[in-house]
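Let me begin by presenting the structure, written as C-alpha cells, before commenting on it.
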Amino acid sequence: MGDYARLALTFTVPTTATCMSMDFAFFSEEFPEFVGSQFNDYFDAFVDGQPIARDQNGNRISINSVFGATPGNAAGTTYDAATPRLRSRAALTPGATSVITFFVTDVSDTAYDSAVFIDKFTFGRPEGEACVPGANLPVGVVLTKTVGPWPEVGNPVCALSDAITVTTGTEVAYCYRATNSGEYTLTTHTLVDSAFGPLFSQMPQELLPGETFEYITSRVETQTTVSVGTWTGYYSATFAAASTDVTTVTIPGPIITPTPSPGSAALMVMPGSAQTYITQPITVAVMISGVANLGGYEVALRFDPNQVTATNVTQGSFLTTTGRSMIAVPTQIGPNYLRFGASTIGAAAGPSGSGALAWVRIEPRGVGSATLTLSNTLATNISGLTISLTNQGGQLYVIHPGSAYLPRVLR
C-alpha cells in the first residue's frame, strides 16, 4: 500500500492579496528503475480542497509527469532524480481563512523515498493577470513596444514613447523590446502585431533571464493606427510565456471645428491566454489602452456555452480615476454572451491612458480551448463622441484536474 506524509497549514489571506505563489521541486529515489511502473510516487497540493500543483494534463507531479525528472536536477542530493523547479499559483479571497495541504505519497512500497522541496511562498495581487492553478516552469517575458520617427540617416533606435503624432506619409519606426522576466532561458520567439501581422515565428534567439532583445521595423503611416503587439517566448515546445503592448500613431486631420477628435483606443481581454481547471472559475479583465478623455463604454463578451459561461461582472475603477461618478449599464445575459458597460457624469475630464474597465468571472463547462470574443463594442468621450476601437479577444484553455487521491489513514 505504501506510505505518505501530509502537512496542512491554516492561514489568513492578507487583505491586499488575491493570489498565492510557491516554487517546488519533486525528488525521488524511484528513478530510473520504476519509471512507468506502479511504483510512481507523487506530490500533490490543495488549497481549500482544490488541486493547485498538477501538470498541464491534470496529473499529479511524479517521475511520470509531463515535466519529467532527470538526475541532473537532483545533483548533490541523496535522490536519484528530480523535476525542474516548478511554480504553482492559487486564487485567494482577501482576508479569508484558507487551508493549504501538501501530500508526498510513496505508492505501492516503502523501500524508496521521495520528497518535495518548497520555496518562495508569497502572496500578491497580479493586476490584469490570471492567477491560474497548476504547476508550470517559472518562464516569463515582458514586451515593451514604442514608436518614433524613422531616421533619415543612420540606424534607427528604440524610442521612449508608446504614442506619437506625425503627418501623413511619415515612416514610423516600431520597436519591440522583449525582456526575459522568468528564470529559464527562452530559446525561440514569435512576434505578431495587429498592424503588420506575423513579423517572425519560432525565431532562434537565446534570451537569458534578465536579458532584453530588441527588434525594429517600420512602415509609412497614412492614418491613425492603434496596434497591439504580442511577443511569445518559448523555453521548449511545451512551455512558453507571452506579453502584449499597445502603441498609438496619430495623424491629425484638418480642423473643421474646435471640438477635439475623440481619438482611438484598443479594447482587449487580459490575459490574452490563460489556463484553468474545469473545476476552477477564473476572472479575466476587459482592458482599454491608449484612450483619451473616456466618458463611457459598452461591450459584449461572447463565448461558446458548451465550453464556458460568464457569471458575474464587476466594474473596474478606471472610469472614476479622475473623480467622475459612474453609472453602470444593466448587464444583459444571453446564452452565449454577456453585455455590460458604464457611463460617467461630472465636471472633471475623463480618464486617459490604460486601465481595467471591468472584471468578468468565467466558469468552465467543458474541457478544451474556449475563445472569448469582444463584439458590439462602443466607447465615447465625455462629449459623447465615438472613440474608434480595435478589439482583441482571449483564449482560455480548460483542463481536467483528474481525480483527487487522499490517502486513507489506518489506525
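The values are calculated or read from the model by the stated rules, or taken from the named source; none is laboratory data. Quantities reported herein were computed from a predicted structural model and do not represent experimental measurements. Every residue, glycine as well, gets a Cβ built from its backbone with ideal geometry; the counts of neighbours run over all protein chains shown.
For this structure, a couple of remarks:
- When 207, 199 are checked against the criterion of being without any contact (Cβ under 8 Å) to a residue 24 or more places away in the chain and not acidic (Asp, Glu), a single residue qualifies: 199.
- Candidates are the residues of region 338-376 that are out of contact with any Gly (no Cβ under 8 Å at 6 or more places or on another chain) and crowded, with 18+ Cβ neighbours inside 10 Å; the one that is nearest to residue 314 (Cα to Cα) is 360.
- Across region 247-267, the qualifying residues are those that are at pLDDT below 90 and in a strand (DSSP E or B), and the one among them that is surrounded by the most Cβ atoms within 10 Å (Cβ to Cβ) is 265.
- Counting only strands (runs of 3 or more DSSP E) that fall entirely inside region 300-392 and contain at least 1 residues that are in contact (Cβ under 8 Å) with a residue 40 or more places away in the chain, the qualifying elements are 308-315, 337-345, 353-364, 368-381, 388-392.
- From 144, 97, 105, residue being closer than 30 Å to residue 253 by Cβ and among the hydroxyl-bearing types (Ser, Thr, Tyr): 144
- Condition check for residue 125: among the basic types (Lys, Arg) and closer than 22 Å to residue 235 by Cβ: no
- Just one of the listed residues (286, 291, 299, 246) is of a type in the set (A, V, I, L, M, F, W, C) and closer than 30 Å to residue 46 by Cα, namely 286.
- Elements of type strands (runs of 3 or more DSSP E) contained in region 1-87, each with 2 or more residues being within 22 Å of the chain's Cα centre (by Cα): 19-28, 42-47
- Flag if residue 98 is under 16 Å from residue 280 (Cβ atoms) and touching a Leu at 6+ places or on another chain (Cβ under 7 Å): yes
- In the condition set (1) crowded, with 19+ Cβ neighbours inside 10 Å; (2) modelled with pLDDT of 85 or more, residue 77 is compliant with all but (1).
- In this structure, residue 132 does satisfy being in contact with a Pro (Cβ under 9 Å, 6 or more places away or on another chain), of a type outside the set (Lys, Arg) and surrounded by 21 or more Cβ atoms within 10 Å (Cβ to Cβ).
- Members of region 335-375 that are among the polar types (S, T, N, Q) and under 30 Å from residue 163 (Cα atoms): 343, 344, 352, 354, 371, 373, 375
- Hits in region 271-313 (condition: modelled with pLDDT under 90, surrounded by fewer than 20 Cβ atoms within 10 Å (Cβ to Cβ) and not small (Gly, Ala, Ser)): 275, 278, 279, 281, 283, 293, 311, 312
- Residue 244 vs. criteria surrounded by 18 or more Cβ atoms within 10 Å (Cβ to Cβ) and touching a Pro at 6+ places or on another chain (Cβ under 9 Å): yes
- Contact map, region 120-134: first residue closer than 9 Å to residue 22 by Cα, second residue among the charged types (D, E, K, R) and at pLDDT 55 or above, Cβ cut-off under 7 Å, separation 6 or more or different chains; pairs are 120/23.
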